[in-house]
Amino acid sequence: MDIGTLRNIASLAKLKVDDNEADKFVSDFNKMIEYVDVIKSLNTDSIQEDEIYFNHQNFTRPDTVDNNLNRDLLSKIAPEYENGFIVVPKVIET
Amino acid sequence: MKSIVNLKYKEVKDGLNSGEFTSEELTLAYIKRIEENDSKISAFLSFEKEFILGQAKESDKRRKENKPLSEFEGIPIGIKDNICIEGIKTTCASKILENFISPYNASAIEKLISKGFVLFPRLNMDEFAMGSSTENSAYQVTKNPFDTTRIPGGSSGGSAAAVAASFLPISLGSDTGGSIRQPASLCGVYGLKPTYGRVSRYGLVAYASSLDQIGPISNDLQGCSDVLSVLAGKDLRDSTSSSQAISKPEIQNVSLNGLKIGIMKDEGASWDGEIRSKFEETVAYLKSEGAIIKELDFDLLASSIPIYYIIATAECSSNLSRFDGIKFGSRVSNPKSKLEDLYIDSRSQGFGKEVKRRILLGTFSLSSGYYDAYYSKAQKARILIQKKYNEFFKDVDLVLQPTSPTTAFRIGEKTQDPIQMYKADILTTSVNLAGLPALSVPAGLDKNSLPIGLQITGPAFSEERIFSFANALLNNPKLEIKLPEGIS
């Protein structure tokens, strides 16, 4: 893993890696990958891709109208809110 | 009232029900102890005194009016800062949720409220529950009450330290790879990670959804058993929650004679010497009481942390994508910010270093070209671990191990090397990967007067068996730990 790959992964994750911490991140990241690489040596041939590992039954709930979270309360947790809408930067360029 | 420092959870419960003290008197005594001592421990991120006292007064009012009461009426319980309480800040010890006031209650919280518990919110933790020392909190480092130069463990470090410091008889934590059991062990208290699906995760801020479970940390066994019985059950808002009932909510008295206990072969070499001796002593005690000890060959143990980190970080990278500065959480923008800049700046400034590291590792293992070698491979290896435990439980009733390979380490000792920090969870992560229940119980002190803990793991939904065994094990007086009275 080099700095270029790290920056690519960071852009997928919507994160910025500052220049002053980039080297440390690359070094830690390589150590982590080296550490988790041990799983490559495990023999998993006996396991099927779709094998289900928990015996939980799937279930559905009745499709009925229930109480929803209160709009006023939700408006209070939004970083910017105006006239019933969450404010975001302009998405469509004109 | 006996000094609260000496009150076990069971005595708190009995004292309230017999009228020896009111919930308000009890709550005020805990508040006093917290106000006098938390500057040395930093267990609470903020202290919601009015909210806490209001609940205690309401509880006393219900009791006075002879309303139908639960047996848990008025019991104080601490809450980790990743479990949502309506109207109270829930930050997960992260800057990105600095101003987040939860608009709803977690299912676990609703259940506690319905039974009359008095909630003490905002116990410190590693940011988004990612860490083993509580040093990853964006706000403060919690200290171990047995030695304040040392970490309390993590990620539920605030929950465990609060109980060990006698700030509370019991608290809630969450456990994804050991985050209830390891701090409970390092702080000399009891901590239960329930079977996956036992407790609803609705309202627990998600880290790794296929591993996360809410559970109790208490100063006695009864507290873990009681609170599990309150929290357990099906919840329509969490499709992975199970309807499997707890058949015997009371802890049963069992004999150790004839019980089959598994221990891991060849594992002791990596544990601290004193932990190994304590473990061997306990095994000898079990044998002397007639238990049958069987050695188990768990060759996958060393791989369990790598498997865990691939799966947990993949899930975290997906779960934490919701923190984008749009609908809630902190937003970093300027008039020239485009949408993409807003996402990147809000996340980059809002998340701490370890959270970013894990999001990046998870994004990497899920990305094109690496998915099969890492994520898919880890999912298959996880099934190997589950099958291995299934095999074990054909031969033994329970598995006994230490909870942590070391006692509490010093603050700052492992922060520069993430891998060393991850290895602190060597004995706990496989239990989450297999979805099993496990309890950490105190098992004496080492020569530095630091607590040692033992982990009891059972088959899925066998919490009652674990409690009964722990209860029998506690007849061995050598395991008892006295919590610190003064904190310096």
Residue B:72 open to solvent by less than 30 Å² (accessible area, probe 1.4 Å), assigned to a loop (DSSP other than H, G, I, E, B) and in contact (Cβ under 8 Å) with a residue 12 or more places away in the chain: yes
Subset tally (residues that are closer than 17 Å to residue B:94 by Cα, within 7 Å of chain A (Cβ to nearest Cβ) and either in contact (Cβ under 8 Å) with a residue 40 or more places away in the chain or in a helix (DSSP H, G or I) (or both)) for the stretch B:331-347: 3
Failed item in (1) touching a residue at least 40 places away in the same chain (Cβ under 8 Å); (2) over 30 Å from residue B:354 (Cα atoms), with residue B:245 passing the rest: (1)
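Hey, among B:150, B:63, B:122, which residue is open to solvent by 10 Å² or more (accessible area, probe 1.4 Å) and on the phi > 0 side of the Ramachandran plot?
Working: B:150 fails: on the phi > 0 side of the Ramachandran plot; B:63 fails: on the phi > 0 side of the Ramachandran plot.
Within the list B:150, B:63, B:122, the selection yields B:122.
Consider residue A:62 carefully, then state whether it is surrounded by 14 or more Cβ atoms within 10 Å (Cβ to Cβ) and either assigned to a loop (DSSP other than H, G, I, E, B) or more than 8 Å from chain B (Cβ to nearest Cβ) (or both). Spell out how you get there, then give the answer.
Numbers: surrounded by 14 or more Cβ atoms within 10 Å (Cβ to Cβ): no; either assigned to a loop (DSSP other than H, G, I, E, B) or more than 8 Å from chain B (Cβ to nearest Cβ) (or both): yes.
No; evaluated as a whole, the condition is false for this residue.
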Every residue from the stretch B:77-107 that is among the β-branched types (Val, Ile, Thr) and either part of a strand (DSSP E or B) or farther than 17 Å from residue B:58 by Cβ (or both): B:77, B:79, B:83, B:90, B:91, B:96, B:101
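For the stretch A:70-86, what are the residues that are part of a helix (DSSP H, G or I), open to solvent by less than 50 Å² (accessible area, probe 1.4 Å) and at the interface with chain B (Cβ under 7 Å from one of its Cβ atoms)? Talk me through it step by step, then tell me what you get.
Taking the stretch A:70-86 as the starting set, the residues that turn out to be part of a helix (DSSP H, G or I) are A:71-77.
Next, from what is left, pick out any that are open to solvent by less than 50 Å² (accessible area, probe 1.4 Å): A:75, A:77.
Selection gives A:77 alone.
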Selected residue (criterion: nearest to residue B:57 (Cα to Cα)) from residues of the stretch B:108-167 that are assigned to a strand (DSSP E or B) and not basic (Lys, Arg): B:118
Selection count, the stretch B:283-307, where residues are part of a loop (DSSP other than H, G, I, E, B) and hydrophobic (A, V, I, L, M, F, W, C): 3
Test set (1) in contact with a Ser or Thr (Cβ under 8 Å, 6 or more places away or on another chain); (2) closer than 22 Å to residue B:305 by Cα - residue A:27 fails condition number: (1)
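The rows are residues; the columns are (1) under 30 Å from residue B:72 (Cβ atoms); (2) acidic (Asp, Glu); (3) in contact with a Pro (Cβ under 6 Å, 6 or more places away or on another chain); (4) within 14 Å of another protein chain (Cβ to nearest Cβ).
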{"position": "B:222", "(1), (2), (3), (4)": "yes, no, no, no"}
{"position": "B:225", "(1), (2), (3), (4)": "yes, no, no, no"}
{"position": "B:252", "(1), (2), (3), (4)": "yes, no, no, no"}
{"position": "B:261", "(1), (2), (3), (4)": "no, no, no, no"}
{"position": "B:267", "(1), (2), (3), (4)": "no, yes, no, no"}
Conditions (1) under 23 Å from the mean Cα position of the chain (by Cα); (2) surrounded by fewer than 23 Cβ atoms within 10 Å (Cβ to Cβ); (3) more than 10 Å from chain A (Cβ to nearest Cβ); number of the one not met by residue B:397: (1)
Residue satisfying all of: in the stretch B:410-437; outside any helix (DSSP H, G or I) and within 12 Å of chain A (Cβ to nearest Cβ); most open to solvent (accessible area, probe 1.4 Å) among these: B:416
Residues satisfying the stated conditions in the stretch B:287-297, i.e. in contact (Cβ under 8 Å) with a residue 12 or more places away in the chain and either surrounded by 22 or more Cβ atoms within 10 Å (Cβ to Cβ) or among the basic types (Lys, Arg) (or both): B:291, B:294
Search result, residues across the stretch B:438-460 that are within 27 Å of residue B:199 (Cβ to Cβ) and surrounded by fewer than 21 Cβ atoms within 10 Å (Cβ to Cβ): B:459
Conditions (1) at negative phi; (2) free of Cβ contacts under 8 Å to residues at least 12 places away in the same chain: number failed by residue B:369: (1)
Candidate set: the stretch B:182-223, residues that are more than 24 Å from residue B:143 (Cβ to Cβ) and in a helix (DSSP H, G or I); chosen: the one nearest to the chain's Cα centre (by Cα): B:221
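The values are calculated or read from the model by the stated rules, or taken from the named source; none is laboratory data. Just so you know, these numbers come straight off a predicted model, no measurement behind them. Note that we place each Cβ from the backbone using ideal geometry, even for glycine, and neighbour counts take in every protein chain shown. We work out accessible area using only protein heavy atoms, side chains counted, and drop any ligands, DNA or RNA first. Shrake-Rupley method; radii C 1.70, N 1.55, O 1.52, S 1.80 Å.
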